[in-house]
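Note sheet for the following structure.
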Amino acid sequence: MTNQQNARTLLRQQLRQRRTSLSLSEQQSASDALLHNVTALPQWKSANFIASYLANDGEIDLSNVMHHAWQQKRHTTLPVIHPFSPKHLLFLRFTPTTLLVKNRFNIDEPALACPSVVPLQEHDIILMPLVGFDEAGNRLGMGGGFYDRALASFRNKSKRPWLVGTAHDCQCVEHLPVAPWDVPLDVIVTPTRVISPT
Ligand SMILES: Nc1ncnc2c1ncn2[C@@H]1O[C@H](COP(=O)(O)OP(=O)(O)OP(=O)(O)O)[C@@H](O)[C@H]1O
Ligand SMILES: [Mg+2]
């Protein structure tokens, strides 16, 4: 392992520990505050398709954001591990009646059904979980490279989904060690801040 890989692995352990140490009531108030900040984003107003996630491992919970989206007749999707290409993600429609099944990481995902697949480029907003972020918009995930792979072909496209990292405030670090394949975020939203990298 290179020094940078070591640094990323160590940082992941420390930051995951921070978010899993939050109490249930801290998680709930963080989630309430996040709802306010996400739905106040100017891009939210016109967003029709919004990719989200089901919180795991202390990630900030977006259930209330998805309920809010449904009330406003917006469409939500969740990531699903590709059945034939297991390092890649598909995004599938998620509604209040969607049947969920466990994936190989024991995370719930919509049961695979081709008509429910929404191409990534048809999304307006992608709400992305993260382990760490910095104010330059860099994102450290769980280490699978799933989002980086999914977003690689959009990197320099002008028309692409708006990439929104959602996080607890304690996920912020001064400078993340960045790898060439890491896709930066357009904005990071926490319970107390909306950070637009310059
Ligand atoms: N566009 C890509 N094409 C092929 N492999 C990639 C790509 N992006 C990342 N990877 C691979 O994924 C591995 C993990 O990447 P990284 O450490 O950035 O994960 P991460 O961003 O923390 O994870 P995730 O996005 O799943 O939360 C890297 O070692 C890299 O080899
Ligand atoms: Mg990455």
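The values are calculated or read from the model by the stated rules, or taken from the named source; none is laboratory data. On a predicted model such as this, the values are computed, not experimentally measured, just so you know. FYI the Cβ positions are ideal-geometry reconstructions off the backbone, even for glycines, and counts take in every protein chain you see. We work out accessible area using only protein heavy atoms, side chains counted, and drop any ligands, DNA or RNA first. Shrake-Rupley method; radii C 1.70, N 1.55, O 1.52, S 1.80 Å.
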Selection status of residue 127, in contact (Cβ under 8 Å) with a residue 24 or more places away in the chain, away from ligand 2 (no atom under 14 Å from the Cβ) and buried (at least 21 other Cβ atoms within 10 Å of the Cβ): yes
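One residue is enough: does region 141-159 have a residue meeting the conditions away from ligand 2 (no atom under 16 Å from the Cβ), among the hydrophobic types (A, V, I, L, M, F, W, C) and touching a residue at least 40 places away in the same chain (Cβ under 8 Å)? Spell out how you get there, then give the answer.
Going residue by residue through region 141-159, those that are away from ligand 2 (no atom under 16 Å from the Cβ) are 156-159.
When the remaining residues are screened for being among the hydrophobic types (A, V, I, L, M, F, W, C), the result is none.
No, region 141-159 contains no residue that is away from ligand 2 (no atom under 16 Å from the Cβ), among the hydrophobic types (A, V, I, L, M, F, W, C) and touching a residue at least 40 places away in the same chain (Cβ under 8 Å).
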Residue, nearest to residue 68 (Cα to Cα), within region 92-101, restricted to residues that are part of a strand (DSSP E or B), open to solvent by 10 Å² or more (accessible area, probe 1.4 Å) and touching a helix residue (DSSP H, G or I) at 6+ places or on another chain (Cβ under 9 Å): 94
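If you take the residues of region 58-73 that are open to solvent by 40 Å² or more (accessible area, probe 1.4 Å) and in a loop (DSSP other than H, G, I, E, B), which of them is nearest to residue 93 (Cα to Cα)? Show your work before the answer.
Initial filter on region 58-73 (open to solvent by 40 Å² or more (accessible area, probe 1.4 Å)): 61, 63, 67-68, 70-73.
Those still in the list that are in a loop (DSSP other than H, G, I, E, B) too: 61, 72-73.
Details: 61: 18, 72: 16, 73: 13 Å.
Once the filter is applied, the top-ranked residue is 73.
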Identity of the residue in region 170-179, without any contact (Cβ under 8 Å) to a residue 60 or more places away in the chain and away from ligand 2 (no atom under 16 Å from the Cβ), that ends up least open to solvent (accessible area, probe 1.4 Å): 172
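Among the listed residues 116, 196, which satisfies the condition of being closer than 13 Å to residue 91 by Cβ, free of Cβ contacts under 8 Å to residues at least 60 places away in the same chain and open to solvent by 10 Å² or more (accessible area, probe 1.4 Å)? So that I can check it myself, show each step before the final result.
Values: 196 fails: closer than 13 Å to residue 91 by Cβ.
After applying the criteria, what remains is 116.
Where in region 1-48 are there helices (runs of 4 or more DSSP H), lying wholly inside it, with at least 2 residues that are open to solvent by less than 50 Å² (accessible area, probe 1.4 Å) and not small (Gly, Ala, Ser)?
Working: elements: 3-20, 24-39, 42-45.
Helices (runs of 4 or more DSSP H) meeting the threshold: 3-20, 24-39.
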Residue that is farthest from residue 142 (Cα to Cα), among those in region 153-181 that are touching a helix residue (DSSP H, G or I) at 6+ places or on another chain (Cβ under 9 Å), basic (Lys, Arg) and within 16 Å of ligand 1 (Cβ to nearest atom): 157
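Can you spot a residue in region 57-70 that is over 18 Å from residue 127 (Cα atoms), within 16 Å of ligand 2 (Cβ to nearest atom) and not β-branched (Val, Ile, Thr)?
Residues of region 57-70 over 18 Å from residue 127 (Cα atoms): none.
No, region 57-70 contains no residue that is over 18 Å from residue 127 (Cα atoms), within 16 Å of ligand 2 (Cβ to nearest atom) and not β-branched (Val, Ile, Thr).
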